[in-house]
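*Asks:* Here it is: the structure, laid out below.
Values quoted throughout were computed directly from the atomic coordinates according to the rules given, and no laboratory measurement underlies them. Bear in mind the structure is a predicted one, so any value in this text is a computation, not a measurement. Positions of Cβ are backbone-derived with ideal geometry, glycine not excepted, and every protein chain shown enters the neighbour counts.
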Number of protein chains: 2
Amino acid sequence: MQNIKVFDDCVHELSRLPGVGRKTAVRLALHILKIKQDQAYKLSEAIKKLKDNIKFCKECGAISENEVCPVCSDENRKKDVICIVEEAKDVFFIENTGRYFGLYHVLGGKISPLDGIGPGDLSFDKLTKRVHNLNVKEVIIATNPDADGETTASYIGKILQNVPDLKITKLASGIPIGSHLEYADEITVLRALENRVGLI
Amino acid sequence: MQNIKVFDDCVHELSRLPGVGRKTAVRLALHILKIKQDQAYKLSEAIKKLKDNIKFCKECGAISENEVCPVCSDENRKKDVICIVEEAKDVFFIENTGRYFGLYHVLGGKISPLDGIGPGDLSFDKLTKRVHNLNVKEVIIATNPDADGETTASYIGKILQNVPDLKITKLASGIPIGSHLEYADEITVLRALENRVGLI
């Protein structure tokens with residue numbers, strides 16, 4: 001049976017997606033063959049439209065339909081508070097709380113020596129400039145609390161420590177709501193203990 | 001931050017793919033935003049082309065650019081041997097051996113009471129017709145050796161047992177080449193023992 005080029009091409013393109021190996025790509029391609037034509041067209045179109053219409057905000061790096069994202073162009077957001085996140089998707093998770101009214105800054109990753117990602121690969125220079133230009137009063141570091149995320153948080157602390165009147169905070173670590181002490185690891189419990197808050 | 005429709009649409013379409021949840025879909029969408037434009041276009045195009053140009057062979061159910069697949073339309077293939085597989089992708093795995101010269105029959109799945117898939121959902125009627133029309137001498141059952149695959153194999157044996165002069169065989173189960181006895185489960189070792197082959 002000769003190879004079917006169109007099929008192989010699609011498998012090849014799908015397998016370039018992160019986390020999609022050749023076997024998964026074959027499974028996805030066969031799935032696309034089985035679904036209705038308009039559903040397959042919708043998927044194809046959605047990918048093209050996404051690429052054509054969405055960019056990264058030139059101010060903060062969040063995803064946006066315009067040059068500047070809705071948060072950065074919103075007059076009502078506090079311009080002197082910046083929440084620093086690793087990736088554009090993290091902006092959604094903070095926004096979903098509905099209680100944050102400052103700006104964002106997307107680093108584009110985290111410092112990871114093992115993956116060859118150093119400070120020069122992330123948007124720290126731009127962060128420092130924004131902190132100065134916007135006369136920022138507080139940066140909230142919202143990197144993930146894993147090893148690389150903590151390193152990145154420390155690095156941010158270091159480069160911003162000399163900015164006068166700047167409060168530098170970090171998201172609290174502790175027992176997740178709805179969970180139990182017995183399911184948390186020792187370091188999480190230790191952090192929860194160290195960062196205990198007054199009840200009244 | 002208002003929702004960005006184009007982004008949400010793409011996440012929605014991606015999350016309809018099997019094994020892709022919402023979080024994975026967001027990750028894929030952000031990946032598509034980061035890659036070069038022509039690579040994103042290639043992916044979009046490949047999906048559309050796949051849907052436009054590939055169909056399932058009307059004879060055997062394998063994937064094909066034409067109404068009838070290259071195997072079924074190949075004069076040199078043996079028409080009196082049919083290898084029965086669960087899914088279209090399984091055809092590739094048998095073809096890759098380079099040593100099978102008969103036809104195929106794709107069932108489109110396996111009997112799975114728990115998933116609500118009964119004999120009526122698979123192409124058994126067509127199989128019986130092909131076995132008769134092509135005057136088939138041997139069917140090789142190549143369903144996967146898990147519970148549902150074995151059930152399906154038994155069912156095929158039952159519906160074809162009265163066809164005169166038809167040899168019904170099944171792929172051998174045993175120790176995979178390059179593996180060791182200690183890594184195989186008892187049933188696999190038992191099958192390997194029961195189906196032992198003469199050395200000379």
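*Asks:* State, as an integer percentage, the relative contact order of region A:85-159 based on alpha-carbon contacts under 8 Å between residues 6 or more apart.
*Replies:* On the way: 57 pairs, mean separation 23.3, N = 75.
Dividing the mean separation by the residue count of region A:85-159 yields 31 percent.
*Asks:* Treating the beta-carbon of each Lys and Arg as +1 and of each Asp and Glu as -1, no other charges, what is the dipole magnitude of region A:111-170 about its Cα centre, to the nearest 20 debye?
*Replies:* Working: 7 positive and 8 negative charges, 76 e Å.
Here the size comes out at about 360 debye.
*Asks:* Find, among the residues of chain B, the one whose Cβ sits nearest the axis of the rotation taking B to A; state the distance in whole Å.
*Replies:* Taking Cβ atoms only, the nearest residue and its distance are B:SER44, 2.
*Asks:* Shifting gears a bit: Among B:LEU14, A:ASN53, A:VAL163, which residue has its Cα positioned farthest towards the positive end of the charge dipole of the protein assembly as shown, with +1 placed on the Cβ of Lys and Arg, -1 on the Cβ of Asp and Glu, and the dipole taken about the Cα centre?
*Replies:* A:ASN53
*Asks:* How big is the dipole moment of chain A about its Cα centre under a simple scheme where the beta carbon of each Lys and Arg is +1, that of each Asp and Glu is -1, and everything else is neutral? Debye, nearest 20, please. Intermediate values should be presented prior to the final figure.
*Replies:* On the way: 28 positive and 28 negative charges, 102 e Å.
About 480 debye.
*Asks:* What FRET efficiency would be calculated for the residue pair A:ILE187, B:SER173, taking the C-beta separation as r and a Förster radius of 60 Å, to the nearest 0.05? Walk me through the numbers on the way to the answer.
*Replies:* On the way: r = 47 Å, r/R0 = 0.78.
After rounding, the FRET efficiency stands at 0.80.
*Asks:* Could you pull out every residue, at least 5 positions away or on a different chain, whose amide H is within less than 5 Å of the one on B:ILE117? Hs are placed 1.01 Å off N in the peptide plane, and Pro or chain starts have none.
*Replies:* Here B:SER112 satisfy the definition.
*Asks:* How fast does region B:76-173 diffuse by Stokes-Einstein, in µm²/s, taking the Kirkwood radius from C-alpha pairs at 25 °C and 0.890 mPa s? Mind dumping the intermediate values first?
*Replies:* Values: Rh = 13.6 Å.
For the chosen part, D equals 181 µm²/s.
*Asks:* Under 5 Å between amide H atoms, partner at least 5 residues away or on a different chain: which partners does A:LYS170 have, H built in plane at 1.01 Å?
*Replies:* Residues meeting the criterion, in which the H sits 1.01 Å from N, are A:ILE141.
*Asks:* On each of the three principal axes of the Cα atoms of region B:151-195, give max minus min coordinate, whole Å, ordered largest first.
*Replies:* Principal extents (largest minus smallest coordinate, Cα): 41, 19, 15 Å.
*Asks:* Can you compute 3J(HN,Hα) from phi for each residue in region B:168-178, using the Karplus curve 6.51 cos²θ - 1.76 cosθ + 1.60 with θ = phi - 60°, rounded to whole Hz and x for Gly and Pro?
*Replies:* 10, 10, 9, 4, 5, 9, x, 6, x, 4, x
*Asks:* Need one value for B:9-18: mean number of C-beta atoms belonging to other chains within 10 Å of its residues' C-beta atoms. Each step should come with its number before you reach the end.
*Replies:* Numbers: counts 5, 11, 2, 3, 11, 5, 0, 5, 9, 6.
Partner Cβ neighbours, averaged per residue: 6.
*Asks:* Given a 10 angstrom Cα cut-off, can you work out which residue in B:GLU13, B:GLU150, B:GLU67 is the most mobile in a GNM of chain B?
*Replies:* Its mean-square fluctuation being the largest, the pick is B:GLU13.
*Asks:* Hey, another quick one. Region A:53-85 to region A:90-136: how many Å between their Cα centroids?
*Replies:* Each part's Cα centre sits 11 Å from the other's.
*Asks:* Ignoring everything except DSSP H segments at least 4 long, calculate the 222 nm mean residue ellipticity for chain A; use -39,500 (n - 2.57) per segment, divide by total residues, nearest 500.
*Replies:* Numbers: 7 runs with 81 residues, N = 200.
Result for chain A, helices only: -12500 deg cm²/dmol.
*Asks:* Could you please report the charge total around A:ASP125, scoring K, R as +1 and D, E as -1 over all other residues with beta-carbon less than 15 angstrom from its beta-carbon? Don't jump to the answer; show the numbers that get you there.
*Replies:* Details: positive: A:LYS58, A:LYS126, A:LYS129, A:ARG130, A:LYS158; negative: A:GLU59, A:ASP121.
Taking every Cβ under 15 Å from that of A:ASP125, the sum is +3.
*Asks:* Jot down the per residue volume, in cubic angstrom and as a whole number, of the convex hull over the alpha-carbon atoms of region B:1-112. Provide the component values of the computation, followed by the final result.
*Replies:* Numbers: hull volume 17.9 nm³, N = 112.
Dividing the Cα hull volume of region B:1-112 by its residue count gives 160 Å³.
*Asks:* Follow-up question, since we're still on this one. Ranking B:PHE56, B:PHE101 by Cβ neighbours within 10 Å, fewest first, what do you get? Mind dumping the intermediate values first?
*Replies:* Working: B:PHE56 18, B:PHE101 11.
Ordered by Cβ neighbours within 10 Å, fewest first: B:PHE101, B:PHE56.
*Asks:* If you don't mind, another one. Which whole-Hz ³J(HN,Hα) couplings does region A:59-65 yield from phi under the Karplus relation 6.51 cos²θ - 1.76 cosθ + 1.60, θ = phi - 60°, glycine and proline marked x?
*Replies:* The phi angles translate into 7, 10, x, 6, 6, 7, 7 Hz.
*Asks:* When averaged across all projection directions, what area in nm² does the alpha-carbon convex hull of chain B cover?
*Replies:* Values: hull surface 69.3 nm².
So the mean shadow area of the Cα hull is 17.3 nm².
*Asks:* Can you sort A:THR169, B:THR152 so the residue with the fewest Cβ neighbours within 10 Å comes first?
*Replies:* Working: A:THR169 12, B:THR152 25.
Listed from fewest to most nearby Cβ atoms, that is A:THR169, B:THR152.
*Asks:* Which residue, A:ALA147, A:ALA184, A:ALA62, has the most motion in a Gaussian network model of chain A that connects Cα atoms within less than 10 Å?
*Replies:* Per the Cα network of chain A with a 10 Å cutoff, A:ALA184 tops the list.
*Asks:* Dividing the Cα convex hull volume of the protein assembly as shown by residue count, how many Å³ per residue is that?
*Replies:* On the way: hull volume 87.9 nm³, N = 400.
Hull volume normalised by residue count: 220 Å³.
*Asks:* Same structure, new question: In debye, nearest 20: dipole of region A:78-194 around its Cα centre with unit charges on the Cβ of K, R (+) and D, E (-)?
*Replies:* Numbers: 13 positive and 17 negative charges, 147 e Å.
Magnitude of the dipole: close to 700 debye.
*Asks:* Hey, another quick one. Using a cut-off of 11 Å between beta-carbons, work out the net charge of the residues near B:VAL106 (Lys and Arg +1, Asp and Glu -1, B:VAL106 not included). Walk me through the intermediate numbers first.
*Replies:* Values: positive: B:LYS89, B:LYS126; negative: B:GLU59, B:GLU86, B:GLU87, B:ASP90.
Value of the local net charge: -2.
*Asks:* When B:SER44, B:SER123, A:SER154 are ordered from fewest to most other Cβ atoms inside 10 Å of their Cβ, what list results? Intermediate values should be presented prior to the final figure.
*Replies:* On the way: B:SER44 22, B:SER123 17, A:SER154 13.
Result, fewest neighbours first: A:SER154, B:SER123, B:SER44.
*Asks:* Still on this structure: Hull surface divided by four, with the convex hull built on the Cα atoms of region A:5-53: how many nm²? Provide the component values of the computation, followed by the final result.
*Replies:* Values: hull surface 14.7 nm².
Averaged projected hull area, Cα only: 3.7 nm².
*Asks:* Oh, and also: Quick one: compute the contact order of chain A, relative version, from alpha carbon pairs under 8 angstrom and 6+ residues apart, as a percent. Don't skip to the answer; put the middle values down first.
*Replies:* Details: 214 pairs, mean separation 25.4, N = 200.
Here the relative contact order equals 13 percent.
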